[in-house]
Amino acid sequence: MDTTVEIVGVPMDLGADRRGVDMGPSAIRYGGLSDELEKIEQPTVDSGDLTVPRAEERDPDASGQMGGTAKYLDETQTVCERLADRVAGIHDAGRFPLVLGGDHAIAIGTAKGTAPRGSTGIIWFDAHADLNTPQTTPSGNIHGMPLGAILGRGVFDGVEWAHCPTVDESNVALVGLRSLDKPEKEFLHERDLHAYTMSDVDRRGITTVVSEALERTAGDVDQLYVSFDMDLLDPDEAPGVGTPVRGGITYREAHAAMELVYGEAADKLTALDVVEVNPILDRVNRTAELACELTASAFGKRIL
């Protein structure tokens with residue numbers, strides 16, 4: 001990619017029950033992200049981290065709850081608005097935003113800073129659908145709501161800081177699903193999103209699934225945004241994640257997926273975030289180092 005990649009960290013764990021993913025951006029940098037991108041001669045600049053409110057200084061239930069439960073709602077809105085402004089500025093400067101999380105709620109900011117530039121497809125690599133709303137959530141954790149917010153589901157419909165009208169459901173694919181809440185299952189059965197579970201990956205193979213997902217998300221849009229939650233991988237491969245779920249994809253399957261993103265959609269790829277690295281739960285920074293390697297694959301790194 002000739003375009004300069006600008007790295008921005010969002011050290012936020014307000015969207016999750018388990019603390020630690022706020023250290024994800026630092027862990028990924030320490031894991032050698034710049035070195036991995038330098039190896040493939042990818043021009044890169046690191047613009048540091050956004051300022052994020054400290055959970056210890058806030059009341060998770062003090063925000064307006066939009067008619068339901070959403071912990072740290074006001075604080076999450078503030079961070080996502082800051083990130084949306086930063087991402088929009090990166091685009092305006094002719095650079096590519098690479099956003100490091102942080103919990104997956106930050107994807108609202110990445111999407112809001114990107115989607116207004118044209119029709120937008122999304123590939124959501126994740127063990128979870130993240131389609132809940134304050135009314136459907138079993139936990140109140142906003143990291144289980146970002147895709148629902150981006151699509152304007154329920155009370156998020158028309159909410160300026162979250163809903164992205166240029167993202168049509170038919171141009172959204174979820175890959176690697178294996179932990180869904182009942183309302184999310186119902187929503188996926190009723191709507192036009194493309195959902196690929198781990199059963200699909202088992203039966204059809206990761207390359208077939210990802211190629212089809214790319215065709216459905218990138219084929220008829222102006223741009224593609226990829227959101228990569230590290231819990232897509234099996235915990236044996238990536239133990240240091242916010243919400244681990246057994247039965248995920250392997251190391252090589254993850255690389256194959258990201259290699260396909262570059263190989264089949266590099267001309268549409270416009271933004272990437274990598275989220276939910278939790279170094280507290282990791283082993284010798286293994287998950288963060290893997291995040292670095294997978295990011296390099298998305299920008300063109302190959303074995304040969």
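The values are calculated or read from the model by the stated rules, or taken from the named source; none is laboratory data. What you are looking at is a predicted structure, and each value in this text was computed from that prediction instead of being measured. Cβ sites come from the backbone with ideal geometry, for glycine too, and all protein chains shown count toward neighbours.
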Can you tell me which residue within segment 32-72, out of those that are among the acidic types (D, E) and modelled with pLDDT of 95 or more, is surrounded by the most Cβ atoms within 10 Å (Cβ to Cβ)? E36
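Results for (1) more than 25 Å from V226 (Cβ to Cβ); (2) surrounded by 19 or more Cβ atoms within 10 Å (Cβ to Cβ); (3) out of contact with any strand residue (DSSP E or B) (no Cβ under 6 Å at 6 or more places or on another chain), shown as yes or no for each residue.
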{"position": "E75", "(1), (2), (3)": "yes, yes, yes"}
{"position": "A115", "(1), (2), (3)": "no, yes, yes"}
{"position": "G118", "(1), (2), (3)": "no, no, no"}
{"position": "S139", "(1), (2), (3)": "yes, no, yes"}
crowded, with 20+ Cβ neighbours inside 10 Å and more than 18 Å from T110 (Cβ to Cβ): does that describe N132? yes
Return the pairs, sorted by first residue and then second, in which the second residue is surrounded by 12 or more Cβ atoms within 10 Å (Cβ to Cβ) and of a type in the set (S, T, N, Q), the first residue lies in segment 189-207 and is farther than 23 Å from Y262 by Cβ and without any contact (Cβ under 8 Å) to a residue 60 or more places away in the chain, the beta carbons are less than 7 Å apart, and the residues are 6+ apart or on different chains. D192/S170
Which of the helices (runs of 4 or more DSSP H) contained wholly in segment 1-96 include at least 2 residues that are among the β-branched types (V, I, T) and either closer than 17 Å to D273 by Cα or in contact with a Phe, Trp or Tyr (Cβ under 6 Å, 6 or more places away or on another chain) (or both)? 73-92
In segment 254-272, which residues are in contact with a helix residue (DSSP H, G or I) (Cβ under 6 Å, 6 or more places away or on another chain) and farther than 17 Å from V87 by Cα? A254, H255, A256, A257, M258, E259, L260, V261, Y262, E264, A265
What do you reckon, is T217 touching a helix residue (DSSP H, G or I) at 6+ places or on another chain (Cβ under 8 Å), within 30 Å of R117 (Cβ to Cβ) and surrounded by fewer than 20 Cβ atoms within 10 Å (Cβ to Cβ)? no
